[in-house]
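First the structure, in the form of structure tokens, and then the observations on it.
The values are calculated or read from the model by the stated rules, or taken from the named source; none is laboratory data. Predicted model only: the values in this text are computed from it and were never measured. Backbone-built Cβ (ideal geometry, glycine too); neighbour counts: all protein chains shown. These accessible areas exclude ligands, DNA and RNA; they are computed on the full protein's heavy atoms, side chains included. Shrake-Rupley method; radii C 1.70, N 1.55, O 1.52, S 1.80 Å.
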Amino acid sequence: MGLRTNPSHRQRRLGLELRRLRNERGLSAAEAGAFAGLGSPHLGHIEAARTAIPEAKLRALLAGYGCQNEAFVDALVAMSESKGRGWWSDYRRSPLPQSSRDLAELEAASVAHRSFQWMYVPGLLQTPEYARALTAGGEPEADSSLLDTYVEFRLKRQDVLAGESPPIFHAVIHEAAFHMQFVDHDVMRRQIEHLVEMARLPHVRIQLLPFKAALSPATPATAFVLFEAEVPELNTVYVEHPVSSAFLGEQVHLAQYGTAFERLTAAALSPIAPSPEPESYKRSDSLRLVQHLLYML
């Protein structure tokens, strides 16, 4: 079997974790490979995600590294054994980049999503009309069929919130996102109303960050999603960028973005909580800002 030329994020993350564990023990590739009967070049290919590793050899390697966290070991084995197949696999031959399929796979595997957006509504909360307007604005040269593919893929990603065991979804959205002019008023109105409906789901929490909020200078200037895995060691930060988005797994990055999200939630208004109670309209919360935004459209 030849070496992989375009490994997935899951495969790269497994290799990075194995390299991190080896480096923490201060072992060379040759020394570490001896634990599992692997030569130095072979272990190098595994750490670079260019090839797979059998479960028995992986467990032997982790035992040699002194890993005693059974949940972490089992999670790494699951990553190694996974075929990465899901609905996103149907898009392998589409114009979508590998990172889009990686994102869909990560969303499906995570137990919680914590998202910050300041220019537009998070993808998992977008209406079809809003998603198409956003995509058309970002890809002005794209033909109708390509836009259809992009929007179809985004809408299928949303199914993760409607499954039998959906992840906890917590979004902080800056008020600026609702003043962007790439959609007309009717589309934006339906999008805002859709947010209120989504907020009725018990696992969905949506906060709005108003212009007047006092923000720490450390607040990220870019959108991100912090994905929580079954074991915290495998949490991932997805940082959006117009050219090339990044998947970050270093503990220093996880701590940095985790702290940033805590600051954002503290600065944002309390979550949208649809309620027929009259007093709910008197509070200075996200629902009241939503009502103001709708009035202004």
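In this Cβ point-charge picture (+1 for Lys and Arg, -1 for Asp and Glu), the chain has a dipole of about 500 debye about its Cα centre. Counting heavy atoms of the protein chains alone, residue 152 has an accessible area of about 90 Å² for a 1.4 Å probe. Charge dipole (Cα centre; +1 on Lys/Arg Cβ, -1 on Asp/Glu Cβ; no other charges) of the range 1-138 amounts to roughly 340 debye. The calculated FRET efficiency for residue 156 paired with residue 189, based on their beta-carbon distance and R0 = 22 Å, is about 0.35. An oblate overall shape is assigned to the range 66-135, the ratio a/c of its alpha-carbon gyration tensor axes (a ≥ b ≥ c) being 1.5 or greater and a/b not exceeding b/c.
A straight Cα-to-Cα reach below 19 Å connects residue 212 with the aspartates and glutamates 175, 262, 285, residues fewer than 8 places away in its own chain not being considered. Between residue 164 and residue 231, the modelled label-to-label distance comes to 2.5 nm, taking each label 7 Å out from Cα in the direction of the beta carbon. Each of residue 25 and residue 146 was given a label point 7 Å from its Cα along the Cα-to-Cβ line. The distance between the two points is 4.8 nm. Across the accessible surface of the chain, with the other protein chains kept in place and a 1.4 Å probe, carbon and sulfur atoms take up 53 percent. Of all DSSP bridge pairs formed entirely within the chain, close to 50 percent run antiparallel. Considering only 140, 125, 166, the residue lying farthest towards the positive end of the dipole of the range 111-168 is 166, judged by Cα position with unit charges set on Cβ. FRET efficiency for residue 40 and residue 222, Cβ-Cβ distance as r, R0 = 51 Å, nearest 0.05? About 0.85, to the nearest 0.05. The slack between residue 215 and residue 70, meaning 0.36 nm per residue of separation minus the straight C-alpha distance, is 48.2 nm.
What's the FRET efficiency of residue 91 with residue 263 using the Cβ-Cβ distance as r and R₀ = 30 Å, to the nearest 0.05?
For R0 = 30 Å, the calculated efficiency reads 0.25.
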